[in-house]
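What follows is a single structure, and I will ask about it in a moment.
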Amino acid sequence: MYKDLPQLRADAFFFQFQIGEDSTRVGSGKLDGNGIPLDFFTDLDVRIGFTYCFDWDTYIEDACLGEMQQTASPAVEGLPYLNKDQEMYSLDLAKAEEHLKAAWGGQVWEKGFKFTLLYNTGNLERKTSCEILQANLAQINPKFQITVLASEWSLILDEMFTGNCAMWQIGWQADYPDPHNFFHPFMHSEGAYSGIQGYNNPQVDALIEQGVKEIDPDARKDIYYELQQIYHDDAPGIMLGQLLGRRYFQDWVKGYIFNPIDPADISHVYNLSKGY
């Protein structure tokens, strides 16, 4: 058995920067203790405060059985230009409290909030991630109330694409083995996920468009390192982690080397079986 093999997949929470007017998940729709305003997550202190409330150790060990590793940004192991020294967030309720006290000019801390967080029925990992946020936010301020609700995946997707979820979580599997295929969907204003959430940073767009065209590896590295730092500083979402996989072989198969670009290992395992 070969284990802890990094898959080209990243999972994350996404903050909705402009929640749809038809949303039924935001309570009163105001910052009055009974809901959240539709632009609640445009406040950086809200986003950072929420991020400091997430407990990756519990999530990875209890929900993912240790078969996931935390990621700091959309950069994943197995592709070029991952900055392994990039600062990561960790559970820190004191820092969460500091930021949430500053959010919306102090109104968030004073008035509290209510909204509903959805997960797809039967998905224990996503249920656990929602409950981690729910419990830790309530711990630092009982006025912070999140309702965790199971729902059909089709309904969640519909609300996600129409902007009616206050927050949502989803994973991304590589279409092709290049960091652009993660940074564009996670950070570009027209990205598959970031476009839906309404994240729009012109500097980020310019860097992503420059990075995909750059042919000098050192210059590309600088671009993607900068994007990783921006993801940390802007906190447009909460990166949950990169899935780790396993492979099983008969004991006479020797010399296996995992290739994340070929997740099925079809050609490589065939060659091994023939003794090539």
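Just want to confirm a number: the relative contact order over the chain, from Cα pairs under 8 angstrom separated by 6+ residues, in percent.
About 32 percent, as a whole number.
Here is a further query. What does the charge count around C165 come to, taking other residues whose C-beta lies under 14 Å from its C-beta (Lys +1, Arg +1, Asp -1, Glu -1)?
-3
Given S154, P260, Y193, which one lies farthest toward the positive end of the charge dipole of the chain, if we put +1 on the Cβ of every Lys and Arg and -1 on the Cβ of every Asp and Glu?
Result: S154.
Can you sort F113, F13, F161, F182 so the residue with the fewest Cβ neighbours within 10 Å comes first?
F161, F13, F182, F113
Classify the stretch 1-63: rounded, prolate or oblate, from the alpha-carbon gyration tensor (a ≥ b ≥ c, eigenvalue square roots; a/c under 1.5 rounded; otherwise prolate if a/b is larger than b/c)?
prolate
Shifting gears a bit: Once the Cα atoms of the chain are picked out, what are the Rg and Dmax in Å?
Spelled out, the Cα radius of gyration and Dmax of the chain are 19.9, 69 Å.
Filter the cross-link list K3/K127; K95/K127; K84/K254; K84/K221; K3/K254 down to pairs whose alpha-carbon distance in this structure exceeds 18 Å.
Over 18 Å apart, Cα to Cα: K3/K127; K95/K127; K84/K254.
Suppose every Lys and Arg Cβ carries +1 and every Asp and Glu Cβ carries -1, with no other charges. What dipole size does the chain come out with about its Cα centre, to the nearest 20 debye?
600
Further question: Once you order the gyration tensor axes a ≥ b ≥ c over the Cα atoms, which shape class does the stretch 1-110 get: rounded for a/c under 1.5, otherwise prolate or oblate by comparing a/b with b/c?
prolate
Give me the angle, in degrees from 0 to 90, between the Cα long axis of helix 124-140 and the longest principal axis of the Cα atoms of the chain, rounded to the nearest 10.
Computed tilt is about 40 degrees.
Take the alpha-carbon centre of the stretch 26-82, take the same for the stretch 2-18, and report the distance between them in whole Å.
11
Using alpha carbons only, how many degrees (0 to 90, rounded to 10) separate the axis of helix 202-213 from the longest principal axis of the chain?
Roughly 10 degrees, rounded to the nearest 10.
Oh, and also: Given axes a ≥ b ≥ c from the Cα gyration tensor, I'd like to know whether the stretch 26-168 is rounded (a/c under 1.5), prolate (a/b larger than b/c) or oblate.
Note, shape of the stretch 26-168 comes out oblate.
Since every read-out is calculated from the coordinates, none of them should be taken as a lab result. From a predicted model like this one, the values you see are computed outputs, not experimental measurements. Here the Cβ is made from the backbone with ideal geometry for all residues, glycine too, and neighbour counts use every protein chain on show.
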